[in-house]
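This report refers to the structure that appears directly beneath it.
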Amino acid sequence: MNRKYQPLMESFRFKNGIQAKNRIVHAPMTISYSKQDGTVSDELIAYYESRSHGVGIVVTGSTIITPNAKVFGGELAADRDDMIPSLQRLATAIKKRGAKAILQIFHGGRESSPELVPFSEIVSASAVAKEGLSVIPRALQEKEIVEIIRAFGDSTRRAIEAGFDGVEIHGANRFLIQQFFSPYTNRRDDRWGGNIDKRMAFPLAVVDAVIKVAAEHAKQPFLVGYRLSPEEESTPGITMADTLKLVDALAYKDLDYLHVSLMDFWSKPRRGVEDNRSRMEIIYELVKQRVPIIGVGSIRTPDEALKALQSGVPLIALGRELIIDPDWVEKVTLGKENEIRTELTLNDQEKLGIADSLWLKIINTPGWFPIANKM
Ligand SMILES: Cc1cc2nc3c(=O)[nH]c(=O)nc-3n(C[C@H](O)[C@H](O)[C@H](O)COP(=O)(O)O)c2cc1C
């Protein structure tokens, strides 16, 4: 290995003693390979096996905690105990070659698909119409909110029983937890909405419930992480100032890491703070002594990963890059970094084990994945 990449391959120890063998994390990605009932398919297991041999940690794609949480179709399920054997297959496949396995747990809220979820079951913090669509989500009642918080805890117990090393609470990408934090989608005036402290109540209650279940059920050290998206475009919407308040509150919880969901690791704040640094650097500065950060976003080459690591952020996640090159880490460790592929070609689908539904999306969404012009 080229010695300059050594820092990427150093192990990382979490405060509970769990050790990742290096600093590279497989970002959570829904790759649409689960069966209709949410159980894993052979293709999904093959995908995860092929992406788990080099990295230190694998965070799975979004996993539903209740039947009406579905957004994509083909996502994983942890909404009932029947799913435990299937989740166990997945955890075993990820851990086979030494990666730590983290199950990302989520509820889609207003983003749930009307093709997958009955209309009356599409829920959110408030009944705010979706832009350009006729879907108006139903505002959750107090009793339902408490049930959803409990469902996050129940899914955590299932992840523990299935042998995962941790769960990641998906508070990012506009899904239900973010919908409670956002002043755009949360117009409530009860204990779950109003001022920013009340908008934080649901995310923090989910964190407390998950940490409590982990403490009660895990017989070995178990990681609890939280993923968040720093800002929203809409006004009203989450500003960088709001995010820093949430990050500060999360850093006082007993979380093992925060995962900052961005498409560009180096993107700068849109509004809410007078600061010329990147969002990632600002967040890192706020919490660095308190909780480790996973950074992500358009990191393709080992030089780019190294530069991101040098910002101080201790763990670097790769998403699209690991779909394109499953052997990214091995190529770095073997000194073959020049062989790392950073583009797809149009005949890569089978070779890379990409599901039809995802492949169609990739080739029909301009700019999402880098695609070379050759067959
Ligand atoms: C196919 C695909 C599926 C994704 N699914 C999820 C998901 O289930 N949960 C999540 O938090 N982020 C998801 N993401 C976002 C990624 O985790 C990551 O934040 C984003 O792709 C930016 O990282 P990258 O530039 O390394 O790809 C997905 C991204 C892709 C490309």
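Overview of values
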item: Subset of the range 56-69 [buried (at least 17 other Cβ atoms within 10 Å of the Cβ) and either within 12 Å of the ligand (Cβ to nearest atom) or not in a loop (DSSP other than H, G, I, E, B) (or both)]; result: ILE57, VAL58, VAL59, THR60, GLY61, SER62, THR63, ILE64, ASN68, ALA69
item: Filter pass, SER298 being near the ligand (Cβ under 10 Å from one of its atoms) and either surrounded by 14 or more Cβ atoms within 10 Å (Cβ to Cβ) or closer than 27 Å to VAL224 by Cα (or both); result: yes
item: Subset tally (residues that are in contact (Cβ under 8 Å) with a residue 24 or more places away in the chain, closer than 22 Å to ILE371 by Cα and either in a helix (DSSP H, G or I) or within 12 Å of the ligand (Cβ to nearest atom) (or both)) for the range 322-331; result: 5
item: Lone qualifier among LEU44, LEU76 - being under 18 Å from GLY153 (Cα atoms), within 16 Å of the ligand (Cβ to nearest atom), buried (at least 20 other Cβ atoms within 10 Å of the Cβ) and at pLDDT 95 or above; result: LEU76
item: Test: residue in the range 251-264 that is in contact (Cβ under 8 Å) with a residue 12 or more places away in the chain and either over 19 Å from the mean Cα position of the chain (by Cα) or in a helix (DSSP H, G or I) (or both); result: yes
item: LYS268, sole failed condition from (1) in contact (Cβ under 8 Å) with a residue 12 or more places away in the chain; (2) closer than 23 Å to SER182 by Cβ; (3) not small (Gly, Ala, Ser); result: (1)
item: Filtered residue count, the range 79-89, keeping only those that are part of a helix (DSSP H, G or I) and within 16 Å of the ligand (Cβ to nearest atom); result: 1
item: Residues of the range 183-214 satisfying the condition of being surrounded by 19 or more Cβ atoms within 10 Å (Cβ to Cβ), of a type outside the set (A, V, I, L, M, F, W, C) and in contact with a Phe, Trp or Tyr (Cβ under 7 Å, 6 or more places away or on another chain); result: ASN186, ARG199, PRO203
item: Odd one out for ARG227 among (1) crowded, with 23+ Cβ neighbours inside 10 Å; (2) basic (Lys, Arg); (3) farther than 19 Å from MET29 by Cβ; result: (3)
item: Residue list for the range 342-362, filter: touching a residue at least 60 places away in the same chain (Cβ under 8 Å) and either in a loop (DSSP other than H, G, I, E, B) or surrounded by 17 or more Cβ atoms within 10 Å (Cβ to Cβ) (or both); result: GLY353, ILE354, ALA355, LEU358
item: Selection from the range 12-33 of residues that are modelled with pLDDT of 95 or more, under 21 Å from the mean Cα position of the chain (by Cα) and among the small types (Gly, Ala, Ser); result: ALA20, ALA27
item: Flag if PHE164 is within 16 Å of the ligand (Cβ to nearest atom), part of a helix (DSSP H, G or I), among the aromatic types (Phe, Trp, Tyr) and buried (at least 20 other Cβ atoms within 10 Å of the Cβ); result: no
item: Single residue of the range 301-321 satisfying the filter (touching a His at 6+ places or on another chain (Cβ under 9 Å) and not in a loop (DSSP other than H, G, I, E, B)) that is farthest from TRP368 (Cα to Cα); result: LEU315
item: Any hit, the range 127-148, residues being away from the ligand (no atom under 16 Å from the Cβ), surrounded by 23 or more Cβ atoms within 10 Å (Cβ to Cβ) and of a type in the set (S, T, N, Q); result: no
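The values are calculated or read from the model by the stated rules, or taken from the named source; none is laboratory data. All figures in this text were calculated on a predicted structure; none of them were measured in a lab. Note: ideal-geometry Cβ built from the backbone for every residue, glycine included; neighbour counts use all protein chains shown.
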